[in-house]
Ligand SMILES: Cc1cc2nc3c(=O)[nH]c(=O)nc-3n(C[C@H](O)[C@H](O)[C@H](O)COP(=O)(O)O)c2cc1C
């Protein structure tokens, strides 16, 4: 905090300093004419000129204007600023305080470095360091704030440690070299006529004028200390600043921002991030403590290692049930995250329980697992996938893990299993088979609690598509604000709805953020569906209960975005646009049957097109004179799309499974000439699908 306050000073000094294009000699002459008692002239890195003047009233310090030579007494630092500076340098505790501050700076440099390393590891490598952070809550904020402030904090900490070491005499400081006094002869020349003073004012650090006749002038400028003969104005002797002093100068500049006021402000912002980092760090630590598993054995000592790949956290509940049952059967069990896989010398089996997210992608706690696989010694393995049969890549990530394990030489303990929609029966059946394979008599059971459900009320409905046999409805639902216990969500997150009598929830992409004050979904009526006919029967005033599932991959941010949607798939796109600001290139390829019947969000999209949030709206109308599908439109725009995506645009796709596949194939074809592919973009988190 003290650093953040002090960081403002260079900018203030910079603003206060008048600039002059003149030479040191000319400015010194001007000031000497106005202040005959001038003894010493110094220039701060920010450009403030200070004169020491000896007059009838004794020595005086003045701030001088290099253009006019006018001077005013220095107001002196405010007591508050002096106090803060003292605190910042030594906690106001003298030499011991200095040492403590130096050590704290060194520790901070280590923390910044190790924090960066951990972040790179969590994001999947140094090259992904700039990529999106998926973690939610305090963890996500800790990572984002840390990443933004890391360079500034590291720099402040390293240079601060160096400066503390210098004031303690451990490394050389910025003291200028001293020269042996020489005597000069003859009447003094005018300052503005001396060749040795013909240097730009910006190079000046200090100029000392002779106190007595016969003494030389001493100039510290441009990295050299010189003695100047007042009679000839020529250099008598010179010494350059040593490496130590130059290092000190750099450390001073980079630490304080004196001499680079904008750097000072940036460092100040970074310093202000420290309290935020401390707060979020503490929250992460507390959450970790709450997650501690009772009876957990370290990985290196366990007979059985259970590793979990989860994003939403539900898979962990199943894993804990297995851990408890196996522990009860006398096994020494380790339960941890797939990302933390390491040596397990005593284990006789490894269990991998992995959910799948975002069309076959790894969940957060397993993102790094496959990279670490090469370092593991093969032991028998059992893979259990968690997923949802609604998704095309059902348990796709678990299948990838299974293939990779086999390739790495891990024998299969039992065939891979799957758990659909967190089915307790699926899990119990797999667990019994697993127990038999290990000779354990276990029957673990786990019934996941439904996520907290919120009461919603239908506020309005808009009906579309009857005329073209695609009945769709946009339902706007009231929600309680989150600070009163209501749900928090972003466009693209999913609303889980359980129709009366249904056994499993259905998910709908949200077309609004909780900040909009309502939840909105678009529902296509599927004949014989478990949920959509029921939702289609709801009218304003009707009540329902629903929960929110985060879908952090489906975000647009402020990057150029290519959105591709058909039918009700336009809902999350509308949500993103509702919250978007103009000025970013966004295009929407929208598949529909008939412009007059099933053009959902037509008024909004037209408005957003006009106010600049949506750069292009490209409808693909599949019925009528010239039927088109979105993939046809993509093909027509191939060259432009290739350019945009190669330049970093994100692609978001939402709609039916068939459409998602057709679009991916078209995209692969049009991206190939740029050396890109859908798979590659997916890996970079730049091609995100929400297809069903
Ligand atoms: C946004 C999102 C994407 C999903 N993608 C898939 C998928 O591609 N394949 C699949 O089998 N399951 C998918 N699922 C279902 C989850 O894998 C399943 O709900 C799992 O039980 C979640 O486990 P977790 O809470 O431990 O992360 C997805 C779920 C969500 C919310």
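The values are calculated or read from the model by the stated rules, or taken from the named source; none is laboratory data. Computed from a predicted structure; not experimentally measured. Heads up, the Cβs are rebuilt from the backbone with ideal geometry, glycines too, and the neighbour counts pull from every protein chain shown.
Right, residue 406: more than 15 Å from residue 366 (Cβ to Cβ), away from the ligand (no atom under 16 Å from the Cβ) and without any contact (Cβ under 8 Å) to a residue 12 or more places away in the chain or not? Criteria met by residue 406. If only residues of region 409-424 that are under 14 Å from residue 351 (Cβ atoms) and more than 16 Å from the ligand (Cβ to nearest atom) are counted, the one that is surrounded by the most Cβ atoms within 10 Å (Cβ to Cβ) is 410. One residue stands out among those in region 288-327 that are within 30 Å of the chain's Cα centre (by Cα) and away from the ligand (no atom under 16 Å from the Cβ): the one that is farthest from residue 340 (Cα to Cα), which is 290. Of all residues in region 472-493, those being closer than 14 Å to residue 549 by Cα and without any contact (Cβ under 8 Å) to a residue 60 or more places away in the chain number 1. Which of the residues belonging to region 533-564 are crowded, with 19+ Cβ neighbours inside 10 Å, within 16 Å of the ligand (Cβ to nearest atom) and not in a loop (DSSP other than H, G, I, E, B)? Correct list: 546, 548. Could you say whether any residue in region 151-172 is without any contact (Cβ under 8 Å) to a residue 12 or more places away in the chain and on the phi < 0 side of the Ramachandran plot? Yes; the residues of region 151-172 include at least one that is without any contact (Cβ under 8 Å) to a residue 12 or more places away in the chain and on the phi < 0 side of the Ramachandran plot.
Per the conditions (1) outside the structural domain of residue 357 (by TED's automatic domain parsing); (2) in contact with a strand residue (DSSP E or B) (Cβ under 6 Å, 6 or more places away or on another chain), the sole criterion not satisfied by residue 430 is (1). Output the number of residues of region 369-389 satisfying the condition of being within 16 Å of the ligand (Cβ to nearest atom) and touching a helix residue (DSSP H, G or I) at 6+ places or on another chain (Cβ under 9 Å). Selection size over region 369-389: 6.
Taken over region 280-315, residues that are assigned to a helix (DSSP H, G or I) and under 21 Å from residue 413 (Cβ atoms) amount to 4.
If you go through region 495-505 and keep only what is part of a strand (DSSP E or B) and either more than 12 Å from the ligand (Cβ to nearest atom) or over 14 Å from residue 549 (Cα atoms) (or both), you end up with just 497. Is region 425-444 home to any residue that is within 20 Å of residue 525 (Cα to Cα), loosely packed, with under 14 Cβ neighbours inside 10 Å and touching a helix residue (DSSP H, G or I) at 6+ places or on another chain (Cβ under 9 Å)? Scanning region 425-444 turns up no residue that is within 20 Å of residue 525 (Cα to Cα), loosely packed, with under 14 Cβ neighbours inside 10 Å and touching a helix residue (DSSP H, G or I) at 6+ places or on another chain (Cβ under 9 Å). Residues in region 377-392 that are farther than 17 Å from residue 504 by Cα and surrounded by 19 or more Cβ atoms within 10 Å (Cβ to Cβ): 381, 382, 383, 384, 385. Contact annotation: residue pairs with Cβ atoms under 6 Å, 6 or more positions apart or on different chains, pairing a residue in region 358-387 that is under 23 Å from residue 322 (Cβ atoms) and modelled with pLDDT of 95 or more with a partner that is part of a helix (DSSP H, G or I) and away from the ligand (no atom under 11 Å from the Cβ), are 381/405; 382/434; 383/401; 383/402; 384/430.
Residue by residue, here is whether (1) more than 16 Å from the ligand (Cβ to nearest atom); (2) surrounded by fewer than 19 Cβ atoms within 10 Å (Cβ to Cβ); (3) in the same structural domain as residue 521 (by TED's automatic domain parsing); (4) farther than 21 Å from residue 132 by Cβ holds:
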{"site": "629", "(1), (2), (3), (4)": "yes, yes, no, yes"}
{"site": "643", "(1), (2), (3), (4)": "yes, yes, no, yes"}
{"site": "671", "(1), (2), (3), (4)": "yes, no, no, no"}
{"site": "683", "(1), (2), (3), (4)": "no, yes, no, no"}
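Filtering region 329-368 to residues that are more than 11 Å from the ligand (Cβ to nearest atom) and farther than 20 Å from residue 296 by Cβ leaves 367, 368. Of all residues in region 574-589, at least one satisfies being part of a helix (DSSP H, G or I), within 26 Å of residue 457 (Cα to Cα) and within 16 Å of the ligand (Cβ to nearest atom).
Of the residues contained in region 517-532, one or more are found to be away from the ligand (no atom under 16 Å from the Cβ), more than 28 Å from the chain's Cα centre (by Cα), over 25 Å from residue 579 (Cβ atoms) and in contact (Cβ under 8 Å) with a residue 40 or more places away in the chain.
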